Amino acid sequence: MRERLEALRKEALAGIAAARDVRALQELRVRYLGKKGALTEILRGMGSLPPEERPRVGELANEVRRALEAALAERQAALERAALEARLSAERLDVTLPGRPIPIGARHPLLQVIEEIEDIFIGLGFEVAEGPEVESDYYNFEALNLPKGHPARDMQDSFYITEEILLRTHTSPVQIRTMEAKGGAVPVKIICPGKVYRRDDDDATHSHQFMQVEGLVVDRGIRMSDLKGVLLAFAREMFGADVAIRLRPSYFPFTEPSAEVDITCVMCGGRGCRVCKETGWLEILGAGMVHPDVLRAGGYDPEQVSGFAFGMGVERIAMLKYGIDDIRHFYTNDVRFLEQF
Ligand code: 2U9
């Protein structure tokens, strides 16, 4: 019996030492120490021993049980330590690795140019006014001296929603609305940035939807020289201190007299190049003295006050400033284009 116990100890300790995981250990525990295990099996045979041998064999059996329990606990601890270590080294983080860059967006170049234009005019004492993109025929045309059937309505083919409602073709209705809201008070000194819509075929220089900034000043004694001074200040801040402007006579229904405004070519400084078609000048604006009928439509007496107005296409300004050759770049949202600004 003693030999059987010693053999059991030897075999069990070898098995425990060789166990590869906690499950295998658990199986060994059941096999040797469980209710139907090998040790219990041997102890059942105690009855056949002579009584004087039983205490010593019993003691040996307890010693073997303690030894196996100790070996199981120790092996279990070692296996758990190894498993933890393996997990920790598998999950190790290298905190010195450079982080993954999070690409951040940028403001759209057109928005940047609009804000630059706004800053310049705010510096000259203007306020920024905004209004609806869906307009009535009255605010978009009628109040601006463009009655139904006026040939200039053909120049701006429009997106009509109903007979009387359309997508605005310019931001001028905002100026009419602002004058109305002022109830005849002066001064009016506003710029109106925003989207406008025209039924054009899209190409490198035309878009059916584009951005405008228009401006309006109404006060007592406003003269054409005020218009010239403001536009010269704007052109110098926008394109450089050494640019000059020139005014060419033109026609708009809402201004009289009207002018187209050029700056000296930003590419060649006025010497003549491909961009300015060898003229040395680039057209950037339309402008003029507000027509008396338009002042009246806004609630002002043209005998008491006068005003000037101007309008520019933001894409054109941005294209000239940054040398962009196709207006469609602004609307196709290719990040390789957008991230350059
Ligand atoms: C009111 C009175 C007058 C706004 C004006 C222009 C001249 C002009 C064009 C420039 C390029 C439009 O974007 S564009 O195609 N605009 O030439 N705009 S005067 O005149 C106004 C506006 C409102 C009450």
message: Can you tell me how region 2-90 classifies by the Cα gyration tensor, rounded, prolate or oblate, using a/c under 1.5 as the rounded cut?
response: prolate
statement: Amide H contacts under 5 Å for residue 209, restricted to residues at least 5 apart in sequence or on another chain and with H modeled in the peptide plane, are 198
message: Using alpha carbons only, how many angstrom separate the centre of region 263-277 from the centre of region 61-103?
response: 76
- line: If one builds a Gaussian network model of the chain from Cα atoms under 10 Å apart, the most fluctuating residue listed among 15, 194, 221 is 15
Rounded to 5, the percent of DSSP beta bridges in the chain classed as antiparallel: 95
Estimated vicinal HN-Hα couplings, Hz - region 261-270 in sequence order (Karplus 6.51, -1.76, 1.60; Gly, Pro = x): 10, 10, 10, 4, 4, 6, 7, 10, x, x
Residue of 299, 125, 45 that the Gaussian network model of the chain assigns the largest fluctuation, springs spanning Cα pairs under 10 Å: 45
Residues listed by number, region 107-151, amide nitrogen under 13 Å from residue 182 label point at 7 Å toward C-beta: 126-129
field: Candidate residues 22, 213: accessible-area rank, largest first, probe 1.4 Å
entry: 22, 213
field: Area of residue 207 that stays accessible when all protein chains are in place (1.4 Å probe, Å², to 10)
entry: 10
task: Pop out the ³J(HN,Hα) list for region 216-223 in order, Karplus 6.51 cos²θ - 1.76 cosθ + 1.60 with θ = phi - 60°, rounded to Hz; leave Gly and Pro as x.
output: 8, 10, 10, 6, 6, x, 6, 10
statement: Tilt, helix 54-90 to longest principal axis of the chain (alpha-carbon atoms), in degrees rounded to tens, equals 20
query: Can you tell me the accessible area per residue over region 2-90, all protein chains present, probe 1.4 angstrom, in square angstrom?
result: 69
message: Could you tell me which residue out of 26, 78, 7 lies farthest along the dipole of region 2-90 toward its positive end? Charges go on the beta carbon: Lys and Arg +1, Asp and Glu -1, centred on the Cα centre.
response: 26
Value of D in µm² per second that Stokes-Einstein yields for the chain, Kirkwood Rh from Cα pairs, at 4 °C (1.567 mPa s): 48
message: So in the chain, which Cys have no other cysteine's beta-carbon sitting under 4.7 angstrom from theirs?
response: 192
query: Rounded to the nearest 10 Å², what accessible area does residue 332 show when all protein chains are kept and the probe is 1.4 Å?
result: 100
- line: Share of accessible surface on carbon and sulfur in the chain, whole %, 1.4 Å probe and ligands ignored, is 52
field: Calculated FRET value between residue 56 and residue 81, using beta carbons and R₀ = 41 Å, to 0.05
entry: 0.65
task: At 1.4 Å probe size, with no ligands or nucleic acids counted, give the accessible surface of residue 198 in Å², nearest ten.
output: 50
- request: Can you figure out the FRET efficiency of residue 115 with residue 225, using R₀ = 22 Å and their beta-carbon distance, to the nearest 0.05?
  value: 0.20
Per-residue [θ]222 nm for the chain (sum of -39500 (n - 2.57) over DSSP H runs n ≥ 4, rounded to 500): -13000 deg cm²/dmol
task: Roll a 1.4 Å probe over the protein chains and send me the accessible area per residue for region 156-281 in Å².
output: 50
field: Of 195/228; 228/277; 10/36; 195/321; 10/35; 195/277, those spanning more than 23 Å from alpha-carbon to alpha-carbon
entry: 195/228; 228/277; 195/277
Set of region 74-104 residues, backbone N closer than 13 Å to the point 7 Å along the Cα-Cβ line of residue 338: 103-104
message: If you average the alpha carbon positions of region 1-47 and of region 278-337, how far apart do those two centres end up, in angstrom?
response: 97
statement: Checking 102, 120, 324 against a Gaussian network model of the chain (alpha-carbon springs below 10 Å), the top fluctuating residue turns out to be 102
At most 16 other Cβ within 10 Å, DSSP loop - GluC sites (Glu not before Pro), region 18-106: 91
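The values are calculated or read from the model by the stated rules, or taken from the named source; none is laboratory data. On a predicted model such as this, the values are computed, not experimentally measured, just so you know. Neighbour counts are summed over all protein chains in view; Cβ atoms, including those assigned to glycine, are modelled from backbone coordinates with ideal geometry. Keep in mind that these areas ignore ligands, DNA and RNA; they rest on the heavy atoms of the full protein, side chains included. Shrake-Rupley method; radii C 1.70, N 1.55, O 1.52, S 1.80 Å.
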